[in-house]
Amino acid sequence: MQSELLRSVEERLAADKADDLQWSLHVLAACEGEATLNDVLGGGAAAARQPTARATPPVVHEPVGAFLKSIEVEGFRGVGRARRLDLAAGPGLTLVVGRNGSGKSLFAEALEILLTGANWRWKDRSAVWREGWRNLHHPSPTRVGAEITVEGTPGITTASRAWPDGADLAAGVATVRKPGGKQADLDTLGWAGPLETYRPFLSYSELGSMLEAGPTELHDRLSNILGLGELEHAQQLLKDARLPREKALVGVTKRLPALLAKLDGLLDERAKRARSALGGKKWDLDLAEGVLGRSTDVAGADELVVLRALAGLAVPQAEEVLSLAETLESLDARRKVLAATPAGQAHQIAGLLRSAMDWHGFHGDGDCPVCGRTAAMDEAWRENAEKRIAELDELAREAREFDAEARLASDRAGRLSAAPPSVLARAGEVSIDAGPLLAAWHGFVAPPADGVSLADHLIAAIGPQIDAADALKAQATSEVMRREDLWRPIAIELAVWLSDARDAQAAAEPVANLESAEKWLKQAAVAIRQRRFEPIAEKAVEYWKVLRQQSSVELDRVILEGTGPSRHVTVDVTIDGQKNAALAVMSQGELHAIALSLFLPRATLPESPFRFVVMDDPVQSMDPSRVDGLARVL
């Protein structure tokens, strides 16, 4: 956006005390362009932009004025061999007169096609209007050209547009050659924008349709001269950024009732929790997303977690129990053999001596507490006992190894004999009968009956426990699969919706700021537009006062109003002293005169680089007095 226009926006923000509000960043970002707005919406560095510098504004060069010196046509429409129309290249009024069909309009249209590549008269008409534009008797070469004098530049600048043989109208190649320079592209004149903004051509067909085209198109033609197209573009950027975000959130919101209905129809704790999380005015997406995961905490968990815990219940394995029973039987046999050997006796005697030493260490010298012998336990006894224990320990090494193995076996037996898991207590809540397994489990961990070894007890009890566990796990697995088959399609739909909802909510975060920025910019654009258009509207009224002559129609004001689809031009007139906003009662000549009053201020603004205006038959439908008024205006 032009720095002058951007500074106007910043000044209005400051005046409205809105320059420190978050949405004002969106206004300024949109004014700077789509990339900057996207950066701000994405939280990029542009969010910390600085106001446009006022102390050192960029240098803006004034438009270079150009006068028209001649128009040349060859092989175009009714002109065969090259024909040239010489003009006075300077201020003044030039009239090109001649009978109908003499080529007046042809030269005007040739200049228009040369500079714009198009022709207003053919723009919205069928293809037949664009056929036969080459001269039938001189089809090649086909070219249009013009000589112009540029203010401040000596010599003549030439511009031309030529068409290859057989090419259509759109295939013309336009070039320009400045004095002493090489041939270059026509765009080097810098007229692409001004040709739209300060269009210097007015054909008789355009004059007749200017007011008939409708208030919206007239609004666009007039507003172009104000240089506010960039503000409208900024408004459109804000709108284009806002609407998809709103649409995405509306879309996921519309999809939610159908999803909630499916959740309501499912007897599943996950569905209940998801329904509760999404059924209120504010969605709890985290809670709803949590039901898609798998909890392993059975305490207080829902039914499906209990069922999964039952289906995956860990019970002692037959191989492990049989291995332990075999180990226990082997240890029992070794114990009996060891007890009858010196090693076994040494181990036992060493144990007795250690106990006696513990007694002596606590009570001191004295009588033997076992045999009662007087003063049997003293320091000499203790020294002999220590030597005896060392000798016995060496003999008892095999017994110690046996004890270590026995402790390991005992630990294994303890792990296998753990109490049933607590989840079995909740089996009834999910309609699973845990009674047989609990009975078998308690029987497995119970002490063996009199006369029965632990190994025999484990071997006898493991079979019923495994059978009962397999039956319970199969029942729980079947119920899990049944529930999962019902839940899975809804879970997939829920996961997709949650992902879309998160994206939509994240995208919708800046909607309020975008909406505020868009609303403010519309209002600001209207104010800036009115301020800039006011001198042009005043000039149009001034011209009409000269053009109207004896007309009873007075032009009161011309106003650009509305934005977007509602934009229009209001032309208020007074007819015989009566206020009237309608143009239907005016004659065709009066309509043409008003159209000229609107065209001339726009085409003759000082900012325009064109020091010429080409009007084809502007006096159509005008009576002599109004023609005289036009001459005075020109």
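The values are calculated or read from the model by the stated rules, or taken from the named source; none is laboratory data. If you're wondering where the values come from, they're calculated on a predicted model, not measured in any experiment. Note: ideal-geometry Cβ built from the backbone for every residue, glycine included; neighbour counts use all protein chains shown. Just the protein is used for accessible areas: all its heavy atoms, side chains included, with ligands, DNA and RNA removed. Shrake-Rupley method; radii C 1.70, N 1.55, O 1.52, S 1.80 Å.
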Can you tell me which condition Gly451 does not meet? The list is (1) surrounded by 14 or more Cβ atoms within 10 Å (Cβ to Cβ); (2) at positive phi; (3) of a type outside the set (Ser, Thr, Tyr), and all the others hold.
(1)
Given the conditions (1) open to solvent by 20 Å² or more (accessible area, probe 1.4 Å); (2) part of a helix (DSSP H, G or I), every one holds for Leu521 apart from (1)
Tally the residues that are of a type in the set (S, T, N, Q) and closer than 17 Å to Ser478 by Cβ, restricting the search to region 420-443.
1
Does Leu392 fit the bill of being aliphatic (A, V, I, L, M) and closer than 16 Å to Pro316 by Cβ?
no
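Regarding Leu266, is this residue hydrophobic (A, V, I, L, M, F, W, C) and under 25 Å from Ala507 (Cβ atoms)? Walk me through how you get there before you give the answer.
Numbers: hydrophobic (A, V, I, L, M, F, W, C): yes; under 25 Å from Ala507 (Cβ atoms): no.
Taking the combined requirement at face value, the residue does not satisfy it.
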Only one of Ala413, Ala434 is closer than 17 Å to Ser323 by Cβ, touching a Leu at 6+ places or on another chain (Cβ under 9 Å), open to solvent by less than 50 Å² (accessible area, probe 1.4 Å) and touching a residue at least 12 places away in the same chain (Cβ under 8 Å), namely Ala413
If I filter region 231-246 for residues that are in a helix (DSSP H, G or I), charged (D, E, K, R), touching a residue at least 40 places away in the same chain (Cβ under 8 Å) and touching a Phe, Trp or Tyr at 6+ places or on another chain (Cβ under 6 Å), do I get at least one hit?
no
Hey, does region 554-572 have a residue that's within 43 Å of the chain's Cα centre (by Cα), open to solvent by less than 60 Å² (accessible area, probe 1.4 Å) and at positive phi?
yes
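Per-residue answers, yes or no, for (1) in a helix (DSSP H, G or I); (2) surrounded by fewer than 16 Cβ atoms within 10 Å (Cβ to Cβ); (3) at positive phi:
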position	(1), (2), (3)
Thr327	yes, no, no
Ala333	yes, yes, no
Leu338	yes, no, no
Thr374	no, yes, no
Ala380	yes, yes, no
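Out of Arg502, Arg482, report the one residue that is surrounded by 15 or more Cβ atoms within 10 Å (Cβ to Cβ), out of contact with any Gly (no Cβ under 6 Å at 6 or more places or on another chain) and of a type in the set (D, E, K, R). Give the derivation first.
On the way: Arg482 fails: surrounded by 15 or more Cβ atoms within 10 Å (Cβ to Cβ).
Result of the check over Arg502, Arg482: Arg502.
Just a yes or no: is a residue in region 592-609 more than 30 Å from Leu189 (Cα to Cα) and either of a type in the set (A, V, I, L, M, F, W, C) or modelled with pLDDT under 80 (or both)?
Initial filter on region 592-609 (more than 30 Å from Leu189 (Cα to Cα)): 592-594.
Still in the list and also either of a type in the set (A, V, I, L, M, F, W, C) or modelled with pLDDT under 80 (or both): 593-594.
Scanning region 592-609 turns up at least one residue that is more than 30 Å from Leu189 (Cα to Cα) and either of a type in the set (A, V, I, L, M, F, W, C) or modelled with pLDDT under 80 (or both).
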Going through Gly351, Gly361, Gly344 one at a time, which residue ends up being in a helix (DSSP H, G or I), open to solvent by less than 100 Å² (accessible area, probe 1.4 Å), at pLDDT 80 or above and in contact with a Lys or Arg (Cβ under 9 Å, 6 or more places away or on another chain)?
Gly361
Of the listed residues (Leu486, Leu454), the one being touching a Pro at 6+ places or on another chain (Cβ under 8 Å) and either over 30 Å from Ser410 (Cα atoms) or modelled with pLDDT under 90 (or both) is Leu454
Which of the residues belonging to region 186-226 are of a type outside the set (A, V, I, L, M), open to solvent by less than 40 Å² (accessible area, probe 1.4 Å) and at pLDDT below 75?
Gly208, Ser209, Gly214, Arg221, Ser223
Hits in region 390-400 (condition: in a helix (DSSP H, G or I) and either basic (Lys, Arg) or open to solvent by less than 90 Å² (accessible area, probe 1.4 Å) (or both)):
Ala390, Leu392, Asp393, Arg397, Ala399, Arg400
Which condition number does Val526 fail, the rest of (1) surrounded by fewer than 16 Cβ atoms within 10 Å (Cβ to Cβ); (2) within 24 Å of Thr197 (Cα to Cα) being met?
(1)
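Collect the residues in region 246-270 that are over 30 Å from the mean Cα position of the chain (by Cα) and small (Gly, Ala, Ser), keeping them in residue-number order.
Step one: of region 246-270, the residues over 30 Å from the mean Cα position of the chain (by Cα) are 264-270.
Answer for region 246-270, where residues must be over 30 Å from the mean Cα position of the chain (by Cα) and small (Gly, Ala, Ser): just Gly265.
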Failed condition for Ser587, given (1) open to solvent by less than 50 Å² (accessible area, probe 1.4 Å); (2) out of contact with any Phe, Trp or Tyr (no Cβ under 6 Å at 6 or more places or on another chain), with all others met?
(1)
Is there any pair with a first residue in region 616-634 that is on the phi < 0 side of the Ramachandran plot and modelled with pLDDT of 85 or more and a second that is in a loop (DSSP other than H, G, I, E, B) and charged (D, E, K, R) whose Cβ atoms are under 8 Å apart and which are 6 or more apart or on different chains, and what are they?
Gly629/Arg548
